[in-house]
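Notes follow the structure.
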Amino acid sequence: MFSGKVGYQLKDALIVLAAVVACGAVGYLAAPEPPPPQERAITIRARQYAFEPEVLRVNRGDTLRLSFISEDVVHGFFLEGHDLDVKIFPLEPEFEVTRPSSPDSSERVREVVLTVEKEGKYRYRCSHTCGYMHPFMQGEMIVAPNRLLPASMGMGFGVLLGSLAVTARRRKSP
Amino acid sequence: MNAEDSSAGAPRTGQAPEDTPAIARVSNGRRIDLLRKIPQLKWLVSRRWFQFAVVLPNLLLFLLFLLAGAFGSPVGNRNIIVVFVWILWWFLLIGVMVPFASRIWCTVCPFPFFGEWLQRRALVAVRSTDPRQGKRNEGESGMLLGRNRYFGRNRRWPRVLSSIWLQNLGFLALCTFSALLLTRPLVSVVVLGSLILLATVLHLLYRHRAFCSYVCPVGGFLSLYAMTSMLEVRSADADVCAQCGDKGCLAGNEAGWGCAWGVYPSKLDRNNYCGLCMECVKTCPHDNMALNLRAFGTDTRLKGYDEAWKAFIMLALALAYSMIFLGPWGSLKDWVNVSESRNFEGFLVYTAVLWGGSLVVLPGIYALAVWLGRKLAGPHDASAKQVFLGFVYPLVPLGLVVWIAFSLPLLLVNGSYILMVISDPFGWGWDLFGTAQVAWTPILPQWVPYLQVALLLLGLAFALKTGWEQATGLFHQHGKALIAFAPVAVVLTMTVLCFFKLYAG
């Protein structure tokens, strides 16, 4: 279908793509399966401009019983991909929970229960302006098996190997 | 005036022929001349008022931003200067303008407006002397450079500063205080206002756009990453230029000003120091200038260590910013946010790591990989400098992609602030367009890591492809090229894996 330089470049691209897919698949499959789901009680403390814990490592299927406390000013806790936005008041055990999918209703509670069903990396961000560095106040919830990381590492090596193969192939080209 | 006369222009960075890699001296590939394809565009950029017409609205907007920064809300995400400049403008600059339109920002940039006005004493018109009169200074004030008349001191820019080292260090210094710059409207006002003032003073002291070429901290990285851009100004036919006796593009004429960047458009073979002002399109008596659309990453030649170090600085900054602004580590944020945290010790550590990493550690690791590659490849003709500069080039497309990957979440996550500040630019409670109360709404934040990984993979693939090509050009034999570039290829891959860990791990 393609011949000459275009065909040659197309083959180069396919070689790199094949290496990326193969190495990415190896990385994806190499990620260890998480242990059985468990229930975890976690208190998240917010301060200007960080959350404690900064990184929350959980497993897919875990049930999280989350409570919040702010050490200084009003903060928010917006969890990406989980329809959860919390308003945290300074030194108060109660907080206000809103579902971004239905933003008009909210409730004040002392605990919110969340079952994490999707693996991956989700950032939680402050959603109430809390000071100068507010837009950068965030933490990370990493839900194992976070296959994106080993898959992307594999794909990175795939790019290296693929480009090596393409260059070696050029050596033999006319 | 000839090319050698132009002191304020393309930085002179080790351009001796023997220092220049043999490969890619003339960039190849297909070009589409937009000026010939789109006559309306040709008409537009040929108007004398073109640049004034595109700068003026930008200048007015910029003045509004300065007012908002000075008198509006001190909270960054409630003030238009911070939201528009550091979220919207930054992403458009690095993610759209540079890759697709080279230094188009320089076409519309308000920084040199007042200086150039005072230097030319004209906003639209041209001051020129007809060479046929033979009398150069009689009866007219100002200084004649080429065939254009300028005002101010019109000194030559000092040769010792004729590189982008000042821009490298200035940018690094500014970025050291990035947490203040990105979050305090008043700091943005002071910095951006000072840059306008400095540009004006330098225009009065030095000829042409010395500020843009040698001082502007934005211009430094624009010059580097514009190499990758899909747009270029070039002469359409080199033979026509060779036979041209007028050289209006450089010396100016009654149709326009000589190149304000001091480059000789006829010999332009890189985008680095072309500000797309379009004066050469106006001044060319042979209608021989082209505005070409071309493939991504066509310019592949770094000319000096200043440009190489710019690539290192930009990569190190992207890594540092990804940790500070996209990472979860509160202590790092405290270190950079020194005016609030008062953690001076932490700030000193951060500054030392940032400067040491940018100027010494990263270049050192890279130099080691280059040295190892040369050793493994065995005897060859290319000099150490040629190989080093050739192998640093892949950091240009990779660095640009890394910066886009870093900037993407800033726009997607905080983009809704743009709607708020459009209606309430000063943060005073206005609601001009009914969008002031729009809730903060991140756009697809959970997809950001996937987009970042995809971008970085593309960047790595392109960097490695250009790296092998550079190696083949330098070492001539494929086997040697493969071995010589291998250590650098590993360093590039490991660098990208570090970003994967930050963004996806």
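The values are calculated or read from the model by the stated rules, or taken from the named source; none is laboratory data. Values in this document were obtained by computation on a predicted structure and should not be read as measured data. In this analysis, Cβ positions are derived from the backbone assuming ideal geometry, glycine residues included, and neighbour counts consider all displayed protein chains. Ligands, DNA and RNA are excluded from the accessible area calculation, which covers all protein heavy atoms including side chains. Shrake-Rupley method; radii C 1.70, N 1.55, O 1.52, S 1.80 Å.
Confirm whether A:V26 is within 14 Å of chain B (Cβ to nearest Cβ) and not hydroxyl-bearing (S, T, Y).
For A:V26, the condition - within 14 Å of chain B (Cβ to nearest Cβ) and not hydroxyl-bearing (S, T, Y) - is not met.
Does any residue in segment B:358-377 that is assigned to a helix (DSSP H, G or I) come within less than 6 Å, Cβ to Cβ, of a residue that is basic (K, R) six or more places away or on a different chain, and which pairs are these?
Partner pairs satisfying both residue conditions: B:A377/B:K480.
Residue pairs, Cβ under 8 Å, 6 or more apart or interchain, first in segment B:446-465 and at pLDDT below 95, second not in a helix (DSSP H, G or I) and not aromatic (F, W, Y). List them.
Close Cβ pairs satisfying both conditions: B:Q446/A:E80; B:Q446/A:G81; B:Q446/A:G120.
In segment A:3-29, how many are over 18 Å from the mean Cα position of the chain (by Cα) and surrounded by 12 or more Cβ atoms within 10 Å (Cβ to Cβ)?
So the count comes out to 18.
Please work out which residue is least open to solvent (accessible area, probe 1.4 Å), limiting yourself to segment A:142-155 and to residues that are among the hydrophobic types (A, V, I, L, M, F, W, C) and more than 10 Å from chain B (Cβ to nearest Cβ).
Applying the first criterion (among the hydrophobic types (A, V, I, L, M, F, W, C)) to segment A:142-155 yields A:142-144, A:148-149, A:151, A:153, A:155.
The next check asks that each one be more than 10 Å from chain B (Cβ to nearest Cβ); those that pass are A:143-144.
Numbers: A:V143: 0, A:A144: 30 Å².
Per the criteria, the residue is A:V143.
Determine, yes or no, whether B:S27 is part of a loop (DSSP other than H, G, I, E, B), modelled with pLDDT of 95 or more, open to solvent by 10 Å² or more (accessible area, probe 1.4 Å) and hydroxyl-bearing (S, T, Y). Walk me through how you get there before you give the answer.
Numbers: part of a loop (DSSP other than H, G, I, E, B): yes; modelled with pLDDT of 95 or more: no; open to solvent by 10 Å² or more (accessible area, probe 1.4 Å): yes; hydroxyl-bearing (S, T, Y): yes.
In short, no.
Within 11 Å of another protein chain (Cβ to nearest Cβ), open to solvent by 20 Å² or more (accessible area, probe 1.4 Å), of a type outside the set (V, I, T) and over 24 Å from the mean Cα position of the chain (by Cα) - does that describe any residue in segment B:377-386?
Taking segment B:377-386 and keeping what is within 11 Å of another protein chain (Cβ to nearest Cβ), we get none.
Checking segment B:377-386: not a single residue is within 11 Å of another protein chain (Cβ to nearest Cβ), open to solvent by 20 Å² or more (accessible area, probe 1.4 Å), of a type outside the set (V, I, T) and over 24 Å from the mean Cα position of the chain (by Cα).
Considering only segment B:182-198, state which residues are more than 19 Å from B:L64 (Cβ to Cβ) and either touching a Cys at 6+ places or on another chain (Cβ under 7 Å) or crowded, with 20+ Cβ neighbours inside 10 Å (or both).
Step one: list which residues in segment B:182-198 are more than 19 Å from B:L64 (Cβ to Cβ), which gives B:182-183, B:198.
B:L182, B:T183, listed by residue number.
Would you confirm whether any residue within segment A:135-146 is in contact with a Cys (Cβ under 6 Å, 6 or more places away or on another chain) and either touching a residue at least 24 places away in the same chain (Cβ under 8 Å) or basic (K, R) (or both)? Before the answer, list the steps.
As a first pass, look at segment A:135-146 and keep what is in contact with a Cys (Cβ under 6 Å, 6 or more places away or on another chain): A:137.
Those still in the list that are either touching a residue at least 24 places away in the same chain (Cβ under 8 Å) or basic (K, R) (or both) too: A:137.
Checked against the condition, which is being in contact with a Cys (Cβ under 6 Å, 6 or more places away or on another chain) and either touching a residue at least 24 places away in the same chain (Cβ under 8 Å) or basic (K, R) (or both), segment A:135-146 yields at least one hit.
Applying the selection to segment B:412-428, what residues are assigned to a loop (DSSP other than H, G, I, E, B) and more than 14 Å from chain A (Cβ to nearest Cβ)? Full working, then the answer.
Residues of segment B:412-428 assigned to a loop (DSSP other than H, G, I, E, B): B:415, B:424-428.
The answer is B:P425, B:F426, B:W428.
I'm checking my understanding of the structure. Among residues of segment B:435-471 that are closer than 25 Å to B:K385 by Cβ and open to solvent by 10 Å² or more (accessible area, probe 1.4 Å), which one is nearest to the chain's Cα centre (by Cα)?
Initially, segment B:435-471 is screened for residues closer than 25 Å to B:K385 by Cβ, giving B:462-471.
Pick out the ones that are also open to solvent by 10 Å² or more (accessible area, probe 1.4 Å) and you get B:462, B:465, B:469.
Values: B:F462: 20, B:K465: 23, B:E469: 24 Å.
Ranking the candidates gives B:F462 first.
Within segment B:345-354, is there a residue that is assigned to a helix (DSSP H, G or I), open to solvent by less than 30 Å² (accessible area, probe 1.4 Å) and of a type in the set (D, E)?
no
Being of a type in the set (G, A, S) and either buried (at least 17 other Cβ atoms within 10 Å of the Cβ) or under 15 Å from the mean Cα position of the chain (by Cα) (or both) is the filter here, so list the residues in segment A:51-84 that pass it. Steps first, please.
Here is the first cut: in segment A:51-84, the ones of a type in the set (G, A, S) are A:61, A:67, A:70, A:76, A:81.
A:S67, A:S70, A:G76, A:G81, listed by residue number.
Looking for something assigned to a helix (DSSP H, G or I), modelled with pLDDT of 95 or more and over 30 Å from B:Y321 (Cβ atoms) - is there at least one such residue anywhere in segment B:205-212? Lay out the reasoning, then the answer.
Here is the first cut: in segment B:205-212, the ones assigned to a helix (DSSP H, G or I) are B:205, B:210-212.
Those still in the list that are modelled with pLDDT of 95 or more too: B:205, B:210-212.
Retained after the next criterion (residues that are over 30 Å from B:Y321 (Cβ atoms)): B:205.
Yes.
Which one is surrounded by the fewest Cβ atoms within 10 Å (Cβ to Cβ) among residues in segment B:94-122 that are more than 17 Å from B:A199 (Cβ to Cβ) and touching a residue at least 40 places away in the same chain (Cβ under 8 Å)? Talk me through it step by step, then tell me what you get.
The initial filter retains those residues of segment B:94-122 that are more than 17 Å from B:A199 (Cβ to Cβ), namely B:94-102, B:104, B:122.
When the remaining residues are screened for being touching a residue at least 40 places away in the same chain (Cβ under 8 Å), the result is B:94-95, B:98-102, B:104.
Working: B:I94: 20, B:G95: 19, B:V98: 27, B:P99: 20, B:F100: 14, B:A101: 16, B:S102: 28, B:I104: 20.
Ranking the qualifying residues of segment B:94-122, first place goes to B:F100.
Can you find a residue that is farther than 21 Å from B:T298 by Cβ, at the interface with chain A (Cβ under 7 Å from one of its Cβ atoms) and free of Cβ contacts under 8 Å to residues at least 60 places away in the same chain anywhere in segment B:483-491?
Yes.
Tally time: how many residues in segment A:91-129 are part of a loop (DSSP other than H, G, I, E, B) and open to solvent by less than 10 Å² (accessible area, probe 1.4 Å)? If you could, list the steps in order and put the result at the bottom.
If we filter segment A:91-129 for residues that are part of a loop (DSSP other than H, G, I, E, B), which is where we start, we get A:91-94, A:100-101, A:110-111, A:116-119, A:126-129.
From what is left, the residues that are open to solvent by less than 10 Å² (accessible area, probe 1.4 Å) are A:116, A:126.
Total meeting the criteria: 2.
With respect to the numbered conditions (1) modelled with pLDDT of 95 or more; (2) of a type outside the set (F, W, Y); (3) under 28 Å from B:L161 (Cα atoms); (4) open to solvent by 20 Å² or more (accessible area, probe 1.4 Å), which one is the sole condition not fulfilled by B:G219?
The number of the failed condition is (4).
Return a yes/no flag: does segment A:87-105 have any residue that is over 22 Å from B:W440 (Cβ atoms) and either basic (K, R) or within 13 Å of chain B (Cβ to nearest Cβ) (or both).
No, segment A:87-105 contains no residue that is over 22 Å from B:W440 (Cβ atoms) and either basic (K, R) or within 13 Å of chain B (Cβ to nearest Cβ) (or both).
Just to be sure, is B:G427 free of Cβ contacts under 8 Å to residues at least 60 places away in the same chain and more than 28 Å from the chain's Cα centre (by Cα)?
Considered against the rule, which asks whether it is free of Cβ contacts under 8 Å to residues at least 60 places away in the same chain and more than 28 Å from the chain's Cα centre (by Cα), B:G427 comes out as no.
Would you be able to say whether some residue in segment A:111-120 is free of Cβ contacts under 8 Å to residues at least 60 places away in the same chain and at the interface with another protein chain (Cβ under 10 Å from one of its Cβ atoms)?
Yes: one or more hits.
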